[in-house]
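All remarks here apply to the structure that follows.
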Amino acid sequence: MKQKKIIISAGGTGGHITPAIALAKEFLKQNCQILYIGNKNSLEESIVTSENIKFKAIDVQKLYRKLTFKHLLFPSKFIRSVIKVLHIFKEFKPDAFIGIGGFVSGPAALAASLRKVPIFLQEQNSIPGLTNRLIGKKAENIFLGINNNEFPAEKVIFSGNPVLLQDHKEKIAYQEYGLNPHNKTILILGGSQGSYFINKSFEPIVDELLSNNLNIIWQLGNYSYQEFSEKLHGKQGVYAFAYTNEIEKIYNSSNLVIARAGALTLAEIETKRIPAILIPLPTAAKNHQVHNALALKKQAIILPQNQVTSQSLLENIKKILQKPPQNIPYCSRHLNAANMIVKNVLRRI
């Protein structure tokens with residue numbers, strides 16, 4: 001049987017990159033050849049190449065929501081990117097293209113359409129981004145992480161969001177992290193870039209939480225790591241980092257997660273059945289993080305950002321730790337999503 005060739009494109013944030021890598025790994029298990037197209041000098045280039053997945057870089061610019069002179073560069077960069085991707089398609093000869101979101105997948109999807117390569121999409125959020133909405137008209141199937149009514153029903157398959165979790169139960173080595181294995185643990189997540197707002201709101205209550213025998217595991221993100229790690233220097237019971245490869249062990253060790261409401265973070269929290277405090281990003285397109293968060297209302301307290309202070313955060317932490325949600329339903333669909341999507345794509349090509 002001929003080895004199938006698949007091009008995957010996604011970028012911008014970990015919420016797009018994580019399912020892309022999960023799908024790439026699943027296609028590789030099925031003896032397919034994979035090529036990942038992403039932006040040059042980007043987060044996706046760094047992460048994908050570290051996974052030893054073949055990567056081709058293009059130079060495309062997103063459309064900003066505010067007026068900026070950078071918009072003047074968009075047309076020429078987009079056209080050059082499409083031309084480059086057309087050459088990549090001609091050389092690689094893919095059997096299918098999978099777009100997983102982010103502006104970088106736009107030129108690749110257009111090239112796929114021009115080359116008459118079957119197009120498939122994976123949409124993580126309750127409200128699709130602009131790129132996937134435009135590509136959806138050309139797609140054979142759209143695989144949804146969260147149900148929505150934005151795409152033609154005959155094209156939609158509710159798959160869940162592909163995650164890089166394996167349903168392992170192993171926990172962290174607490175002593176190596178400077179933490180007490182007998183204490184409850186709070187995990188703060190800001191997504192792949194970190195959340196300055198959450199970091200700034202949480203930092204003033206760190207000492208009180210530590211005095212109540214709680215561990216803190218804190219993803220500060222690349223942008224604010226230096227600022228906040230300096231404030232945490234010397235504090236016992238806090239492990240802070242910008243990025244980690246041990247997220248599953250960290251989830252397994254956590255009693256509460258404080259996070260934004262990005263779709264992939266929610267898929268991981270839902271899979272691990274961890275109580276959460278969710279602070280949706282108010283500037284997210286079409287307020288989609290609020291809609292995302294509602295899917296986890298059985299296990300989460302949802303706090304609008306304009307109601308969050310250090311004190312309100314502290315009160316809700318105490319509330320949920322003292323009386324955590326009961327009977328959080330088990331959800332396996334995100335663990336099975338990559339396999340389900342790959343099988344469906346391979347059946348269609």
Which condition does G262 not pass, out of (1) at pLDDT 95 or above; (2) of a type outside the set (S, T, Y); (3) within 18 Å of F197 (Cα to Cα), if it passes all the others?
(1)
By residue number, the members of the stretch 308-338 that are crowded, with 16+ Cβ neighbours inside 10 Å, over 20 Å from I146 (Cβ atoms) and touching a helix residue (DSSP H, G or I) at 6+ places or on another chain (Cβ under 8 Å) are V308, L313, L314, I317
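Filter the stretch 84-107 for residues that are aliphatic (A, V, I, L, M) and either in contact with a Leu (Cβ under 7 Å, 6 or more places away or on another chain) or part of a loop (DSSP other than H, G, I, E, B) (or both) and give the result.
Answer for the stretch 84-107, where residues must be aliphatic (A, V, I, L, M) and either in contact with a Leu (Cβ under 7 Å, 6 or more places away or on another chain) or part of a loop (DSSP other than H, G, I, E, B) (or both): L86, I98, I100, V104.
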Can you work out which of the residues in the stretch 136-154 that are part of a helix (DSSP H, G or I) and not hydrophobic (A, V, I, L, M, F, W, C) is surrounded by the fewest Cβ atoms within 10 Å (Cβ to Cβ)?
E154
Taking the residues in the stretch 116-135 that are surrounded by fewer than 23 Cβ atoms within 10 Å (Cβ to Cβ) and within 15 Å of the chain's Cα centre (by Cα) as candidates, determine which candidate is farthest from G101 (Cα to Cα).
I127
I'm told Q236 meets every condition in (1) touching a Gly at 6+ places or on another chain (Cβ under 7 Å); (2) surrounded by 22 or more Cβ atoms within 10 Å (Cβ to Cβ) except one. Can you identify the failing condition by its number?
(2)
Subset of the stretch 195-229 [among the hydrophobic types (A, V, I, L, M, F, W, C) and under 14 Å from L313 (Cβ atoms)]
F197, I198, F202, I205, V206, L209, L214, I216, W218
Take L164 and decide whether it is farther than 23 Å from E26 by Cα and not hydroxyl-bearing (S, T, Y).
no
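Residue by residue, here is whether (1) of a type in the set (S, T, Y); (2) in a loop (DSSP other than H, G, I, E, B); (3) within 18 Å of N132 (Cα to Cα); (4) at pLDDT 95 or above holds:
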{"residue": "G12", "(1), (2), (3), (4)": "no, yes, yes, no"}
{"residue": "I17", "(1), (2), (3), (4)": "no, no, yes, no"}
{"residue": "A22", "(1), (2), (3), (4)": "no, no, no, yes"}
{"residue": "F27", "(1), (2), (3), (4)": "no, no, no, yes"}
{"residue": "N31", "(1), (2), (3), (4)": "no, yes, no, yes"}
{"residue": "L35", "(1), (2), (3), (4)": "no, no, no, yes"}
{"residue": "G38", "(1), (2), (3), (4)": "no, no, yes, yes"}
{"residue": "N41", "(1), (2), (3), (4)": "no, yes, no, no"}
{"residue": "I47", "(1), (2), (3), (4)": "no, no, no, no"}
Would you mind stating whether Y223 is among the aromatic types (F, W, Y), surrounded by fewer than 15 Cβ atoms within 10 Å (Cβ to Cβ) and assigned to a loop (DSSP other than H, G, I, E, B)?
yes
Can you find even one residue in the stretch 270-285 that is touching a His at 6+ places or on another chain (Cβ under 7 Å) and among the β-branched types (V, I, T)?
yes
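Yes or no, residue by residue, for (1) outside any helix (DSSP H, G or I); (2) crowded, with 17+ Cβ neighbours inside 10 Å:
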position: L266; (1), (2): no, yes
position: I277; (1), (2): yes, yes
position: K286; (1), (2): no, no
position: Q289; (1), (2): no, yes
position: N306; (1), (2): no, no
position: M340; (1), (2): no, yes
position: V345; (1), (2): no, yes
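Looking only at the stretch 205-220, which residues are over 21 Å from G12 (Cα atoms) and surrounded by 14 or more Cβ atoms within 10 Å (Cβ to Cβ)?
I205, V206, L209, L210, L214, N215, I216, I217, W218, listed by residue number.
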Among the residues of the stretch 237-245, is any in a strand (DSSP E or B), of a type outside the set (S, T, Y) and without any contact (Cβ under 8 Å) to a residue 60 or more places away in the chain?
yes
Looking at the stretch 1-10 only, could you name the residues that are touching a strand residue (DSSP E or B) at 6+ places or on another chain (Cβ under 9 Å), part of a loop (DSSP other than H, G, I, E, B) and not hydrophobic (A, V, I, L, M, F, W, C)?
Q3, K4
Across the stretch 181-198, what is the total count of residues that are over 17 Å from the mean Cα position of the chain (by Cα) and at pLDDT 95 or above?
8
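The values are calculated or read from the model by the stated rules, or taken from the named source; none is laboratory data. As the structure is a computational prediction, the values presented were derived from the model and not from experiment. Positions of Cβ are generated from backbone atoms using ideal geometry, with glycine treated the same way; all protein chains shown enter the neighbour counts.
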